[in-house]
Amino acid sequence: MRLSQLFFTTLRDDPADVEMASHRLLLRAGYIRPLGSGIYSLLPLGKRVNDRVEQIIHEEQDRIGGQEMEMPVVHPADIWRASGRYDAIGAELTRFKDRNGRDMVLAMTHEEVVGILLADIVKSYRQLPLMVYHFQTKWRDEPRARAGLIRVREFVMKDAYSCDRDEAGLDISYQAQYDAYVRTFERLGLKTVAVASDVGIMGGSGAHEFMVLNPAGEDVLVLCEACGYAANRQVARIEHPKAAAEAALPREEVETPGTTTIASLAAFLDIPETRTAKAAFFVTGDGRLVTAIVRGDLEVNETKLSNAVGASTGLRPATAEEIKAAGMEPGYGSPIGAHDTTVVVDELVAASPNLVAGANKVGVHYRSVNVGRDFTPDVTADITNAREGDPCPTCGKSVILRNGIEVGNIFKLGTKFTDAAGATYLGEDGKEHPIVMGSYGIGVGRNVACVVEDHHDEKGIAWPEEVAPYAAHLVAIGANKDPQVAEIAERLHAVGEAAGYWRHILYDDRNESPGVKFTDAEMLGMPWILTVSPRSLAAGGIEVTNRATGERSTRSIEDVEALIRGG
RNA sequence: CGGGGUGUAGCGAAGCCUGGUUAUCGCACGUGCUUUGGGAGCACGAGACCGUCGGUUCGAAUCCGACCACCCCGACCA
């Protein structure tokens with residue numbers, strides 16, 4: 001491809017309002033352009049990288065027996081009503097009416113459609129197991145798009161669906177996808193860690209997210225370097241320290257004016273925060289007030305809390321009025337004397353004697369509150385966030401916290417969607433059974449961005465060979481002085497064209513100064529930069545620079561032709 | 001949805017506070033000549049209803065109001 005003809009431009013200055021390296025470089029080097037918040041065009045360079053990433057995913061899905069198909073982007077709303085998700089999902093699901101007034105949705109994913117297809121096609125156990133997948137545009141009206149291709153509203157996802165006779169079959173399919181993901185991300189040049197994750201609105205019995213560690217990642221991961229324990233903080237178990245062995249003391253009121261925060265309360269009474277209990281108030285989607293009690297020094301984990309109370313549509317913070325209506329006082333709240341609320345107590349609080357807690361009066365707390373004696377929890381569960389240095393739930397060593405970007409997930413769905421669609425098969429036993437599903441997603445564009453995150457330097461992108469849009473970047477210098485330079489450059493370009501689509505090279509034939517050409521070559525990031533000039537020819541051939549390592553050598557023209565062909 | 005910020009040419013910015021000729025600069029772009037190993041030089045040129053709508057004023061990029069868009073933090077997030 002001649003750079004003089006390529007539909008692209010590089011930007012000399014950093015775009016304003018851009019934070020992440022991948023966002024900045026993909027814009028500056030002419031791979032992508034925004035059309036709206038979280039909506040991007042892929043320019044030819046971006047499209048080629050995208051296609052290479054898809055190709056790798058494709059090969060690894062095919063290797064485990066995946067069959068590629070394609071399902072629609074626009075769905076009748078009824079199929080989402082049947083699965084219950086039409087009501088369970090908020091504004092990120094875009095709903096609209098067609099010309100006849102029928103309710104439609106823009107698909108966020110395709111479990112419902114797979115369920116319907118299974119109901120239509122699969123009749124017998126002999127047709128199972130099977131695995132289907134497609135690459136399809138998803139529209140999710142995210143509350144906030146950010147970080148370029150990392151979090152967008154429209155994006156292409158590979159979503160795969162395993163269909164099995166039973167849980168044992170699902171386990172096998174799930175493991176196959178797990179292994180396929182490991183191979184896929186390795187080929188993309190991404191270092192990932194698979195973490196246990198929340199099953200959320202999807203239900204199901206287990207899930208992993210594949211995470212790339214990145215300080216700008218949106219998820220917090222709990223990792224143990226000693227034993228390899230890895231979980232999303234949303235679900236990471238906490239190993240509790242032993243409760244203090246202490247007899248329960250009589251409860252007593254204490255004046256604590258102006259102590260609406262745990263920090264001020266602990267300072268006022270001159271006690272550690274660990275000797276306090278704090279209350280946090282939430283409301284479920286169906287209007288139940290939830291009072292969560294955790295030790296003062298810990299944070300409430302909303303995912304765990306939500307799961308503990310079976311809040312299928314999540315939680316929102318309660319208002320002061322809602323808290324008071326249940327007989328509690330914001331800032332001085334506790335379940336003592338409260339009514340009409342579900343009380344969820346963290347395991348650690350339940351095991352800790354003589355804590356300071358609110359007395360539901362402004363400026364007053366109780367000393368020596370004891371769970372069970374002073375109030376009765378509706379639920380006792382682990383509802384706090386793991387912290388750096390907490391003991392690992394598996395081996396007891398200290399865990400570390402890291403941020404991560406989710407590049408893929410795998411999910412044991414079970415029969416939720418096949419039940420909704422009535423997708424059953426006749427087993428060997430002559431009876432009907434529901435088909436057991438799993439679902440497996442990889443966001444293509446986000447992976448492109450993550451590859452840039454992990455493969456760039458201050459000069460620009462440095463693509464790994466397997467995802468680079470072109471095999472090499474050829475810079476011709478002094479072609480107007482020495483006709484041999486142009487002649488050789490043309491020849492190398494032709495060698496790439498003849499060697500196959502992914503062996504094409506970028507040929508900078510523009511009438512630009514050497515500085516511009518080198519700067520652009522480094523920014524665009526092809527794995528090899530080839531320089532042809534009177535000087536290189538005098539030195540015996542072509543100067544070859546490894547973009548990632550900076551290693552430079554002069555090679556013969558024949559060697560360079562072999563390199564372009566992939567030798 | 002809450003908080004903060006920004007909208008002036010393709011990109012990056014100045015001008016706005018303190019209203020007043022033809023809106024400024026760098027890069028990019030066009031033409032010509034020179035130039036080719038690290039973001040070239042000279043000359044000429046084109047490109048902006050100053051986010052939108054409304055208001056104040058003799059006069060608005062500038063002051064006021066509403067709206068829209070984008071970015072950041074949070075909420076949210078298979």
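The values are calculated or read from the model by the stated rules, or taken from the named source; none is laboratory data. Just so it is clear, the model here is predicted, and its values are computed rather than measured. For neighbour counting, all protein chains shown are included, and Cβ atoms are generated from backbone atoms with ideal geometry for every residue, glycine included. Please note that ligands, DNA and RNA were not included when accessible areas were found on the heavy atoms of the full protein model with its side chains. Shrake-Rupley method; radii C 1.70, N 1.55, O 1.52, S 1.80 Å.
Please enumerate, by chain and number, the aspartates and glutamates with C-alpha under 18 Å from the C-alpha of A:LYS412, excluding those fewer than 8 residues away in the same chain.
Filter leaves A:GLU111, A:GLU112, A:ASP159, A:ASP164, A:ASP166, A:GLU167, A:ASP171, A:ASP179, A:ASP198, A:GLU209.
Starting from the Kirkwood radius over alpha-carbon pairs of chain A, derive D by Stokes-Einstein at 37 °C in a medium of 0.692 mPa s and give it in µm² s⁻¹. Intermediate results must be reported in sequence, preceding the final value.
Working: Rh = 27.4 Å.
For the chosen part, D equals 120 µm²/s.
So, by mean Cβ neighbours within 10 angstrom, what's the order for A:452-465, A:59-72 with the highest one leading?
On the way: A:452-465: 19.1, A:59-72: 15.7.
Top of the packing list down: A:452-465, A:59-72.
Helix A:514-524 versus the longest principal axis of chain A: what angle, 0 to 90°, nearest 10, using Cα atoms?
40
Around A:TRP139, with a cut-off of 11 angstrom between Cβ atoms, what is the net charge of the other residues, counting Lys and Arg +1 and Asp and Glu -1? List each step's numbers first, then the result.
On the way: positive: A:LYS138, A:ARG140, A:ARG153; negative: A:GLU92, A:ASP141, A:GLU142, A:GLU154.
Here the count lands on -1.
Leaving out ligands and nucleic acids, note down the accessible area per residue over the stretch A:158-230 with a 1.4 angstrom probe, in whole Å². Intermediate values should be presented prior to the final figure.
On the way: 2780 Å² over 73 residues.
So the stretch A:158-230 comes to 38 Å² accessible per residue, rounded to a whole number.
Heavy atoms only, probe 1.4 Å: what % of the accessible area of the stretch A:470-565 goes to carbon and sulfur, would you let me know?
Values: 2100 of 4280 Å².
Carbon and sulfur atoms account for 49 percent of the accessible area of the stretch A:470-565.
Under a Cβ-only charge scheme (Lys and Arg +1, Asp and Glu -1), can you give me the dipole magnitude of chain A about the Cα centre, in debye to the nearest 20? All intermediate terms of the calculation are to be shown ahead of the outcome.
Numbers: 60 positive and 81 negative charges, 142 e Å.
So the magnitude is around 680 debye.
Compute the distance from the alpha-carbon center of the stretch A:16-35 to that of the stretch A:402-431, in whole Å.
Here the answer is 37 Å between Cα centres.
Below 8 Å between Cα atoms, with a sequence gap of 6+, how large is the relative contact order for chain A in percent? The partial results should precede the final answer.
Working: 1226 pairs, mean separation 94.8, N = 567.
The value is 17 percent.
In chain A, with Lys and Arg counted as +1 and Asp and Glu as -1 at Cβ, which of these residues, A:LEU474, A:ILE64, A:VAL544, has the Cα nearest the positive end of the dipole, that is, farthest along it?
It is A:LEU474, whose Cα lies furthest towards the positive end.
Determine the dipole magnitude for the stretch A:71-175: charges of +1 sit on the beta-carbon of Lys and Arg, -1 on that of Asp and Glu, nothing else is charged, the reference point is the Cα centre, and the result goes in debye to the nearest 20. Let's see the in-between values first.
Numbers: 16 positive and 16 negative charges, 86 e Å.
Roughly 420 debye, rounded to the nearest 20.
Name the aspartates and glutamates eligible as straight-distance cross-link partners of A:LYS97: C-alpha to C-alpha under 14 Å, and not fewer than 8 places from it in the same chain.
A:ASP78
Under a 1.4 Å probe, what is the accessible area of the stretch A:409-519 per residue, stated in Å²?
Details: 4450 Å² over 111 residues.
With all protein chains present, the stretch A:409-519 gives 40 Å² per residue.
Among the listed pairs A:LYS191/A:LYS517; A:LYS304/A:LYS361; A:LYS47/A:LYS517; A:LYS278/A:LYS416; A:LYS47/A:LYS459, which have their C-alpha atoms separated by more than 26 angstrom in this model? Before the final figure, lay out the partial values.
Details: A:LYS191/A:LYS517 32 Å; A:LYS304/A:LYS361 29 Å; A:LYS47/A:LYS517 22 Å; A:LYS278/A:LYS416 37 Å; A:LYS47/A:LYS459 22 Å.
From A:LYS191/A:LYS517; A:LYS304/A:LYS361; A:LYS47/A:LYS517; A:LYS278/A:LYS416; A:LYS47/A:LYS459, over 26 Å: A:LYS191/A:LYS517; A:LYS304/A:LYS361; A:LYS278/A:LYS416.
Quick check: net charge around A:LEU130, other residues with Cβ under 12 Å of its Cβ, Lys/Arg +1 and Asp/Glu -1?
On the way: positive: A:ARG126, A:ARG165; negative: A:ASP164.
That sum, taken over residues with Cβ under 12 Å, equals +1.
Can you tell me the orientation of helix A:444-454 relative to chain A, as the angle in degrees between its alpha-carbon axis and the longest Cα principal axis, to the nearest 10?
The angle comes out near 80 degrees.
If each of A:ARG510 and A:LEU401 carries a label point 7 Å out from its Cα toward its Cβ, how far apart are those two points in nm?
Here the modelled spin labels are 4.5 nm apart.
Just the number, please: percent antiparallel of the DSSP beta bridges in the stretch A:252-381, rounded to the nearest 5.
Working: 18 of 27 bridges.
Taking every DSSP beta bridge with both residues in the stretch A:252-381, the antiparallel ones total about 65 percent.
Report the calculated FRET efficiency for A:THR274 and A:THR376 (r = Cβ-Cβ distance, R0 = 22 Å), to the nearest 0.05. Can you show the working numbers first?
Working: r = 23 Å, r/R0 = 1.05.
Approximately 0.45, to the nearest 0.05.
Can you give the local net charge around A:MET71? Use residues other than it whose beta-carbon is closer than 15 angstrom to its beta-carbon, Lys and Arg +1, Asp and Glu -1.
On the way: positive: A:LYS138, A:LYS158; negative: A:GLU68, A:GLU70, A:GLU111, A:GLU112, A:ASP120, A:ASP159.
Spelling it out: positives minus negatives among the neighbours equals -4.
Below 8 Å, C-alpha to C-alpha, sequence gap of six or more: please give me the relative contact order for the stretch A:252-381 in percent.
Numbers: 270 pairs, mean separation 36.8, N = 130.
Rounded, it is 28 percent for the stretch A:252-381.
Per DSSP H run of at least 4 residues, take -39500 (n - 2.57); add these up for chain A, divide by its residues and hand me the 222 nm value, nearest 500 deg cm²/dmol. Before the final figure, lay out the partial values.
Numbers: 16 runs with 154 residues, N = 567.
For chain A, the value works out to -8000 deg cm²/dmol.
Determine the percent antiparallel among the DSSP beta bridges restricted to chain A, to the nearest 5.
Details: 89 of 110 bridges.
Within chain A, antiparallel bridges account for around 80 percent of the total.
Could you tell me which of A:TYR133, A:GLY84, A:LEU35 has its Cα farthest along the dipole of chain A towards the positive end, charges placed at Cβ (Lys, Arg +1; Asp, Glu -1), taken about the Cα centre?
A:LEU35
Might you tell me the accessible area per residue for the stretch A:252-381, computed with a 1.4 Å probe and given in Å²?
41
As I understand it, the dipole of chain A uses +1 on the Cβ of Lys and Arg and -1 on the Cβ of Asp and Glu, about the Cα centre. Which of A:PRO377, A:MET108, A:MET211 lies farthest toward its positive end?
Final value for the positive-end residue is A:MET108.
For the Cα atoms of chain A, what angle does the longest principal axis make with the long axis of helix A:167-187, in degrees from 0 to 90, nearest 10?
So the inclination is approximately 50 degrees.
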